[in-house]
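The values are calculated or read from the model by the stated rules, or taken from the named source; none is laboratory data. Keep in mind the model is a prediction, meaning the values are calculated, not measured. So basically every Cβ, Gly included, is an ideal-geometry build from the backbone, and we count neighbours across all protein chains shown. To get the accessible areas, we keep the full protein, side chains included, count just its heavy atoms, and leave off ligands, DNA and RNA. Shrake-Rupley method; radii C 1.70, N 1.55, O 1.52, S 1.80 Å.
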Amino acid sequence: MTDLVEEVAADVFFARGDDVNWVLLRDGKDVTVVDTGYPGYRDRFLRSITAIGSTPQRVAAVLITHAHIDHIGSADHLAHAYGTPVYTDAVEVRHAHRDYLEQASPVDVARNLVRPGTVRWLSRVMRAGVLSRKGAPTAQPFPTEDELDLPGRPRPVPTRGHTSGHVAYHLAAARAVITGDELVTGHAVLAGTGPAVLPAYFNHGDSAPALARLEELDADVILPGHGAVVRLPIREAVARATAQR
Ligand SMILES: [Zn+2]
């Protein structure tokens, strides 16, 4: 495997960009991609697919946790180039279409430059395309609310809070959960590492119900939108994240 992609459970691959993660679920040569990084990550996003023995043509679907630009940067690219379906929660589809935007502005972030390193983070994400307002017009609602008939058999778990239509994905066979930005384990704007909730100015609702939803899952491999993979019962991870607040 490469530095970019780590197999964290059988056929479950965790890809880490500089500032955001995505996940690949493999079944033979076919793959489901969950989130797609910043627009500026296009090359490494495509490389992560070939690194696991698949090709962009074999991506069965793109699933989105939420429509922030660092998670949807290559979604439309696959849709336009290969006709790949792009799915997310019905509420989040409107966000992906940019009917409205729930994203912290650079001004919000600048007001909170409390940590050394945040300025460098801001300059990196500016280059990666953080100011893009394009969204993902190709996004459509899930064909079913249940487990999806796609590589990895992901089941959407609505976890509204970080955005109004945020969704996590449970991978029952791998006992894993893709938590998106509802629960992270590291971020340039956070002081430490380990399970945490992003600062309030990054969130657009109350994350408590979402965290309650996450902790009911049968999972002990946590794959966050930001930070490292954590192997911990999700209940324990939620307890630690909540204690941080
Ligand atoms: Zn986000």
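Where the centre of each part is set by its Cα atoms, how far does region 144-169 sit from region 212-229, in angstrom?
About 13 Å separates the Cα centre of region 144-169 from the one of region 212-229.
Plugging the Kirkwood radius over Cα pairs into Stokes-Einstein for region 28-164, at a temperature of 37 °C and a viscosity of 0.692 mPa s, what D comes out in µm²/s?
208 µm²/s
With the crude spin-label approximation of a point 7 Å out along Cα→Cβ, what separation in nm comes out for Ala10 versus Ala173?
So the label points at Ala10 and Ala173 sit 0.7 nm apart.
Return the carbon/sulfur percentage of the accessible area of the chain, one whole number, probe 1.4 Å, all protein chains in place.
Carbon plus sulfur share of accessible area: 50 percent.
Using r as the Cβ-Cβ distance of Asp43 and Arg98, and R0 as 22 Å, what FRET efficiency do you calculate, to the nearest 0.05?
On the way: r = 25 Å, r/R0 = 1.13.
Plugging the Cβ-Cβ distance into 1/(1 + (r/R0)^6) gives 0.35.
Taking H placed 1.01 Å from N in the peptide plane, check which residues at least 5 places from Val8 or on another chain put their amide H under 5 Å from its amide H.
Those lying under 5 Å, H to H, from Val8 are Phe13, Phe14.
Compute the signed sum of charges (Lys and Arg +1, Asp and Glu -1) over the other residues within less than 9 Å, Cβ to Cβ, of Gly225. Please report the intermediate quantities before stating the final value.
On the way: positive: none; negative: Asp35, Asp70, Asp181, Glu182.
Neighbour charge sum, excluding Gly225 itself: -4.
With each run of n ≥ 4 DSSP H residues scored as -39500 (n - 2.57), what mean residue ellipticity at 222 nm is computed for the chain after dividing by its residue count and rounding to the nearest 500 deg cm²/dmol?
When only DSSP H runs of four or more count, the value is -7000 deg cm²/dmol.
So, taking all protein chains as they sit and a 1.4 Å probe, how much accessible area belongs to Tyr87, in Å² rounded to tens?
Spelled out: Tyr87, probe radius 1.4 Å, area about 40 Å².
Report, for the chain, the % of DSSP beta bridges that are antiparallel, rounded to 5.
In the chain, approximately 65 percent of DSSP beta bridges are antiparallel ones.
Using θ = phi - 60° and the Karplus relation 6.51 cos²θ - 1.76 cosθ + 1.60, list the HN-Hα couplings for region 198-203 in order, rounded to whole Hz, with x at every Gly or Pro.
5, x, 4, 5, 8, 10
For region 5-244, compute Rh as the Kirkwood radius over C-alpha pairs and then the Stokes-Einstein diffusion coefficient at 25 °C and 0.890 mPa s; write the answer in µm²/s, rounded to an integer. Mind showing how you got there, number by number?
Numbers: Rh = 17.4 Å.
Reported coefficient: 141 µm²/s.
At a Förster radius of 51 Å, what calculated FRET efficiency corresponds to the Cβ-Cβ distance of Gln57 and Arg240, to the nearest 0.05?
Plugging the Cβ-Cβ distance into 1/(1 + (r/R0)^6) gives 0.80.
Quick query: amide H of Leu63 versus all other amide H atoms, modeled in the peptide plane; which residues come in under 5 Å with a sequence gap of 5 or more or a different chain?
Val33, Val34, Asp35, Tyr87
Can you compute 3J(HN,Hα) from phi for each residue in region 121-129, using the Karplus curve 6.51 cos²θ - 1.76 cosθ + 1.60 with θ = phi - 60°, rounded to whole Hz and x for Gly and Pro?
4, 4, 5, 5, 6, 4, 5, 7, x
Quick check: convex hull over the Cα atoms of region 137-239, volume per residue in Å³, rounded to an integer?
113 Å³
Would you mind working out the accessible area per residue for the chain, using a 1.4 Å probe, and quoting it in Å²?
41 Å²
Using the Cα centre as the reference, give the magnitude of the dipole from point charges on the C-beta atoms of region 5-244 (Lys, Arg: +1; Asp, Glu: -1; all else neutral), rounded to the nearest 20 debye.
Here region 5-244 has a charge dipole of around 820 debye.
Starting from the Cα of Ser132, move 7 Å in the Cα-to-Cβ direction to define the label point; list residues of region 66-98 whose amide nitrogen is under 14 Å from there.
Answer for this model: 67-81, 96-98.
Relative contact order (percent) for region 5-244, with alpha-carbon contacts under 8 angstrom and 6 or more residues of separation?
Numbers: 544 pairs, mean separation 43.0, N = 240.
Relative contact order, region 5-244: 18 percent.
Report the net charge of residues surrounding Ile52, where surrounding means a beta-carbon distance below 12 angstrom and charges are Lys +1, Arg +1, Asp -1, Glu -1.
Surrounding charge for Ile52 is -1.
Roughly what would the spin-label model give for Lys29 and Arg111, points 7 Å off Cα along C-beta, in nm?
5.2 nm
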